[in-house]
Amino acid sequence: VLNVRGLRTRLGLTQAEFAVKYGFSVGAVRNWEQGIRRPERAARLLLAVIDRDPDLVHETLEELTVPAA
């Protein structure tokens, strides 16, 4: 089981910064960290990839948000 708070802390991000950077809602991050909810499968997969290569995920998300020419 991935420790969302540990991952976020290791990356030096607040809940809001982590949420914005990786496309989650702040409420979701808060609920995961407090054990109120468990990330759904797609979110767990994304969190696992962030854990392995956070920069690649951020760069990929940035590319997806740039409008096509």
- prompt: Within the set of pairs 6+ apart or on separate chains, which have a first residue in the stretch 47-69 that is over 22 Å from residue 15 (Cβ atoms) and open to solvent by less than 60 Å² (accessible area, probe 1.4 Å), a second that is small (Gly, Ala, Ser) and part of a loop (DSSP other than H, G, I, E, B), and C-beta atoms under 7 Å apart?
  reply: none
task: Residues being within 10 Å of the chain's Cα centre (by Cα) and under 13 Å from residue 50 (Cβ atoms): count how many of those fall in the stretch 18-36.
output: 7
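Residues are listed down the side, and each one gets a yes or a no for (1) open to solvent by less than 60 Å² (accessible area, probe 1.4 Å); (2) in contact with a strand residue (DSSP E or B) (Cβ under 8 Å, 6 or more places away or on another chain); (3) of a type in the set (Val, Ile, Thr); (4) not in a helix (DSSP H, G or I):
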site	(1), (2), (3), (4)
24	yes, no, no, yes
27	yes, no, no, no
33	yes, no, no, no
37	no, no, no, yes
44	no, no, no, no
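Yes/no matrix, rows are residues, columns are (1) modelled with pLDDT of 95 or more; (2) of a type in the set (Val, Ile, Thr); (3) in contact with a helix residue (DSSP H, G or I) (Cβ under 9 Å, 6 or more places away or on another chain):
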site: 7; (1), (2), (3): yes, no, yes
site: 10; (1), (2), (3): yes, no, yes
site: 17; (1), (2), (3): yes, no, yes
site: 37; (1), (2), (3): yes, no, yes
site: 42; (1), (2), (3): yes, no, no
site: 45; (1), (2), (3): yes, no, no
site: 54; (1), (2), (3): yes, no, yes
site: 66; (1), (2), (3): no, yes, no
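The values are calculated or read from the model by the stated rules, or taken from the named source; none is laboratory data. Note that the structure is a prediction, hence the values are computed from the model and not measured. Because the Cβ atoms are built from the backbone with ideal geometry, glycine has one as well, and the counts that use them run over all protein chains shown. Areas reflect the complete protein model, heavy atoms only, side chains present, ligands, DNA and RNA absent. Shrake-Rupley method; radii C 1.70, N 1.55, O 1.52, S 1.80 Å.
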